[in-house]
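Notes follow once the structure below has been shown.
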Amino acid sequence: MAAPTTQNHFKHTMLLLGLLILTSLHPTAGQVGSFFGRLGTNLPGAATTVGIYQQNNIRRMRLFDPHAPTLRALSGTNIRLMMGVSHPDLRDLANCPQAATAWVSRNILRFPNVTFRYIIVGNEIEPESELGPFVFPAMQNVYRAIRAAGLGGRIQVSTSIQINLLTRWNPPQAAEFKCSVNWFIRPILEFIRDTSASIHLNVFPFYAYLNDRANINLSFALLQPNSGVVLGGVYYDNLFYAIHDAFVAAMGKILAAATPLSVQQLPENNGTKTTTSSGSSSGGGHNSPPGHGSVPLGSGDDEIMAVTDGPIATVDNARIYINNLMRVVRTGTPMVAGPIHTYIFATFDENLRPGPEYERHFGIFLPNGQPKFPFRFQ
């Protein structure tokens, strides 16, 4: 059989991306979860927080790192957990398989009644940072340790990336990863593909809008109905879809250039799938955060409507964004059919988070467990 051409392999890769980004083509209850961050001095305890999840029908939780009290509180609840690896552990996990085995034993096997679904090895690690070279080998070692423990069919291993690894996102079809990060992202995407896992994308229209208010309409950034625009000849209903599909297009190009897999070699449900985190601040100022999720808008004939809008970091705008987010992730994007599993950042405001003041106002619940604004998890 003749080897596939690059063009045919690219088409095949994009077909896999389109068909297999999620295993279901229909909305399911509990797709939207929430990120339980703990960088605050006035937050409820783990048991109370898990109770808040249960009372509000939140069936998915994301933790930045293992936290034994939260893991004990989750035991027996059937809340699906996405758990991160502490960044200080990455070096040891990458360099020492025994460290990965011990990590899995300490943080997963010790909690047999917790429904672990994803282990995220590194959150928005910059490839050029000192931790960049350790992400992929740490993913490999954690994956092998999970398989050795007999949990390979239940728990996926992935990492979380942000938009600034792309050269551009408009139009989405033209998006590519920066050449300087190909060494970092290519083995990760091949690993994700070959293990049938999901890459975790941090999709924050909030930051994209702050970084380019001259070219982005606030309604488009808030995912409001009837605010869509045409990008690259394709109609995009909202900015979340546009950023998501930019990642999908860039991933497709990386995988098209990777070593091809024949159809016979592809395991069931193979492809590059996605999960996402997203959210919007409800207060604390509106200055642009240099470098956070920043990427040029791009050039070409397509322009996102340029307007002068008011502040985005308000309680009302956060309410609009979160409710619209819950709506739009139930359906597919122009490039990907099916719902998008998404984690809202964050469950509570965290008054110890670094950075501009608005970084400390992403919560959707008050510390007493009451919603900051009306919303409903399905």
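Every number in this text was worked out from the coordinates using simple rules, so none of it is lab data. On a predicted model such as this, the values are computed, not experimentally measured, just so you know. All Cβ positions, even for glycine, are placed from backbone atoms using ideal geometry, and neighbour counts span all protein chains on display.
Applying the criteria of a DSSP loop state and at most 13 other Cβ atoms within 10 Å to the GluC sites (Glu not before Pro) of the range 62-134 yields Glu128, Glu130.
A simple spin-label model places the labels of Leu131 and Leu151 2.0 nm from each other, with each point 7 Å out along Cα-to-Cβ. 3J(HN,Hα) couplings calculated from phi for the range 72-82 with the Karplus curve 6.51 cos²θ - 1.76 cosθ + 1.60 (θ = phi - 60°) are, in sequence order, 5, 5, 6, 4, x, 8, 6, 6, 6, 10, 9 Hz; Gly and Pro show x. If I take R0 = 30 Å and measure r between the Cβ atoms of Cys179 and Arg91 in this structure, what FRET efficiency does the formula 1/(1 + (r/R0)^6) give, to the nearest 0.05? Working from the Cβ atoms, E equals 0.70. For His200, nonlocal amide neighbours, meaning residues 5 or more places apart or on other chains whose placed amide H falls under 5 Å from its own, are Thr159, Ile161, Thr275.
The Cα center of the range 334-358 and the Cα center of the range 183-216 differ in position by 13 Å. Between Ala68 and Leu366, the contour length at 0.36 nm per residue exceeds the alpha carbon distance by 105.0 nm.
Neighbour counting of Cβ atoms within 10 Å sorts the residues His361, His200, His67, fewest neighbours leading, into His67, His361, His200.
Between the range 64-90 and the range 101-122, what's the alpha-carbon centroid distance in Å? A separation of 7 Å, based on Cα centres.
Only the Cβ atoms of Lys and Arg (+1) and of Asp and Glu (-1) were treated as charged; on that basis the dipole of the range 123-260 about its Cα centre amounts to roughly 320 debye. In this simple spin-label model, placing a label point 7 Å from the Cα along the Cα-to-Cβ direction at both Gln378 and Val315 gives a separation of 2.7 nm.
Look at Glu176, Glu350 and count the other Cβ atoms within 10 Å of each Cβ; fewest to most, that gives Glu176, Glu350. In this structure the amide hydrogen of Tyr343, modeled in the peptide plane, comes within under 5 Å of the amide hydrogens of Gly33, Thr276, Ser277, Ser278, none closer than 5 places in sequence on its chain. Counting 0.36 nm for each residue step from Asn42 to Asn57 and taking away their Cα separation leaves a gain of 3.1 nm. Scanning residues 5 or more positions from Gln156 or on other chains, those with amide H under 5 Å from its amide H are Tyr118, Ile119, with H placed 1.01 Å from N in the peptide plane.
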